[in-house]
Amino acid sequence: MSLRRTADWAACVESNECQGVQISDQGRCWAHLDSTELPRKLANLHPGTNIDLRGVEVTQGLWSRIRERIIDADGRPHLGVARLEAAVIHGGVQLRNITFEYPTFHLTSFIGEADFCGSIFMNGVSFNSARFERYANFSSSTFRTLTEFENVVFGESVSFYEASFRCRTSFRNANFEGLLSLTGASFLDNVSFFRASFSQFEGSLPGLGPFACAGSIDFREAKFRESVRISAVAPYVDFERASFTGTATIQLRYATVSLSDVSLNQPFALVSEPHPFPYLSDDGIYGDDERIRLTSIEGVDATFLSLASIDLSDCKFTGSYHLDLISLEGQCSFSSPPIGWIRESGQILPLRWTRRSILAEEREWRSRRRYPAGMRRHGSWVTSSGSAWSSSPSSPDHLAVTYRMLRKSFEDSKDEPGAADFYYGEMEMRRNSQIISRGERWLLHAYWVLSGYGLRASRALGWLTISMIATILLMTAYGIPKESPRQEILREKVNGAWKTVIEKTDPENPTERRFTGKRLEKSLSVTLNSVIFRSSGQDLTTAGTYIEMASRFSEPVLLGLGALAIRSRVKRGS
């Protein structure tokens, strides 16, 4: 039997990609063997032996003779150093259930089906730049150390069903021209699909997974040319600059996800899966909160973006497009202000921030404004995860636009209470903007102080209560006359005719005993009538008349703001 080098091997040697120390028996590649040496080599094979088949065409007949010589006591074929760089492996070659200690498949071509089902790769394996023409099966395989499938071309379907990857795995620049299955696969370290290209997700293999990864999953700059569903459990998943041509449904658990600069041409749904996936058990492995935490959608056209039950407390929205068209479903949660009474630096009295949903950008902006870089204080406006500040923080002007777009999204979905928080955030950013006029900022400040922009009923009703108490006290002290004015009937002769004239004495300001029960009762009557724009008809002093006029203007306004705030919290769109 003769062994021939392939044309790919010659090119590999010329490019210096496969040159190096010969590690096969006697330092010779089997491609050098002639028909008289081959039987001797085969006779010397044993479990754990080294083979050097670089550039060799491996046929079914040759591999069968090798396989029968390397079966160990457990009934498994066992190879030591297996160099198959630039080899051509034909269909029918039985590669399943083999234990490989140091295998290398760099630039290897698999002409027929490649069946590695149940194989164990002990000390790392490289399939870099390999090409699989037909179906590749790695089901139930175990990869114990560094695994590389970089620049690999999978011409047809490839299956990693229930495969176990126990160290870092890379599919960088891999091209999946057929179907890919990761159902039940587990990754105990980081896995990278950087710039990988995916084509088909249909029929019996609708997508990727469900699979588990204990490290990060890297889909940066990956291209998904057809509709896809990805189901995974992982602590971190990065889709930065990935491209989705078809529809996509991403179902994840426990993951922190980045969607920066993702290109979406069809509906894209990111969903926190509430229940464990089939084939996978993740209880207590990744933490207590199975929800997805989204960190960024900067640079994303949100027209087709749908988020379901996502933690958005650290998500960066600024820089995305068409935010008013984003769909937020389920229990999507945002960040919130510090809790409790807090006295910031330079302030005499402590402040208590109102409870509302805020964007991570506002939290960062407020933290920068109050504290120098690197300074942290309990209860301050740091990011909820304690993450570092971005290099280019958003300004109040940009944040006002972002809040406005998100408010419109909530209003379009008929969630008026949810939209109220974003209206509050929009007004807060406008109040702190430096591009609007000072007069408008003062007006917004007064609107905020009196009623929280018409959204805080307690504030408006509190001011109403204060106003009414002040009115009662002022009325009692200065508005109610000392005695009720007396009317006198007089007859006067005018132009030779007698006329009856009724005169009323002017009310007198009290000089003593101002606060009596009777005077307080009258003051209360005047104040309550003022709240509903009515005149009490009570005789008042001059000061009391002006006090009543002020009360009849201010108190109904405060009452209206309180009613408006209550309505904004209970209203549901029809």
| remark: Among Asn173, Phe160, Thr247, the residue whose Cα sits farthest towards the positive end of the charge dipole of the range 146-255 (+1 at Cβ of Lys and Arg, -1 at Cβ of Asp and Glu, taken about the Cα centre) is Thr247
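Write down the Å³ per residue value for the convex hull defined by the alpha carbon atoms of the range 42-91. Show your work: numbers first, answer last.
Values: hull volume 3.6 nm³, N = 50.
Convex hull of Cα atoms, per residue: 72 Å³.
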| field | Contour excess over end-to-end distance, with Cα ends at Ile469 and Leu325 and 0.36 nm allotted per residue | value | 47.1 nm
| said: Test of understanding: what is the full-extension gain from Thr516 to Asn123, defined as 0.36 nm times their sequence separation minus their Cα-Cα distance? | reply: 131.9 nm
| task | For the range 39-141, report the translational diffusion coefficient in µm²/s to the nearest whole number, using Stokes-Einstein at 20 °C, 1.002 mPa s, and a Kirkwood Rh over Cα pairs. | result | 160 µm²/s
| Label-to-label distance, nm, for residues given as Leu349 and Arg96 (7 Å Cα→Cβ offset) | 7.8 nm
| Calculated FRET efficiency for the pair Ala43/Asn265, C-beta based, R₀ 51 Å, to 0.05 | 0.25
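Over all distinct alpha-carbon pairs, what is the Kirkwood Rh of the range 248-330 in angstrom?
Values: mean 1/r = 0.0755 Å⁻¹.
Radius from the Kirkwood sum: 13.2 Å.
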| Which FRET efficiency value, to the nearest 0.05, do you get for Ile435 and Lys408 by plugging their Cβ-Cβ distance into 1/(1 + (r/R0)^6) with R0 = 22 Å? | 0.55
| request: Tell me the label-point distance for the pair Asp72, Asp397, using the 7 Å Cα-to-Cβ offset, in nm and rounded to one decimal. | output: 7.0 nm
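For Ser64 and Glu156, what is the calculated FRET efficiency with R₀ set at 30 Å and r taken between the beta-carbons, to the nearest 0.05? Can you show the working numbers first?
Details: r = 24 Å, r/R0 = 0.80.
The formula returns an efficiency of 0.80 here.
Which of rounded, prolate or oblate describes the range 132-237 when judged by the alpha-carbon gyration tensor and an a/c cut-off of 1.5?
Numbers: a/c = 1.33, a/b = 1.27, b/c = 1.04.
Rounded, because the longest to shortest axis ratio a/c is under 1.5.
Before anything else, pin down the relative contact order of the range 171-240: Cα pairs under 8 Å, at least 6 apart, normalised by residue count, whole percent. All intermediate terms of the calculation are to be shown ahead of the outcome.
Numbers: 191 pairs, mean separation 23.4, N = 70.
Normalised by residue count, the contact order of the range 171-240 is 33 percent.
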| message | Need one number: nm distance between label points at Ser336 and Thr145, each 7 Å from Cα along Cα→Cβ, rounded to one decimal. | response | 5.0 nm
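Computed from the coordinates by the stated procedures, all read-outs in this text should not be read as laboratory data. Predicted model, so just to flag it, every value in this text is computed and none were measured. Using ideal geometry, Cβ is built from the backbone for each residue, glycine included, and neighbour counts are taken over all protein chains shown.
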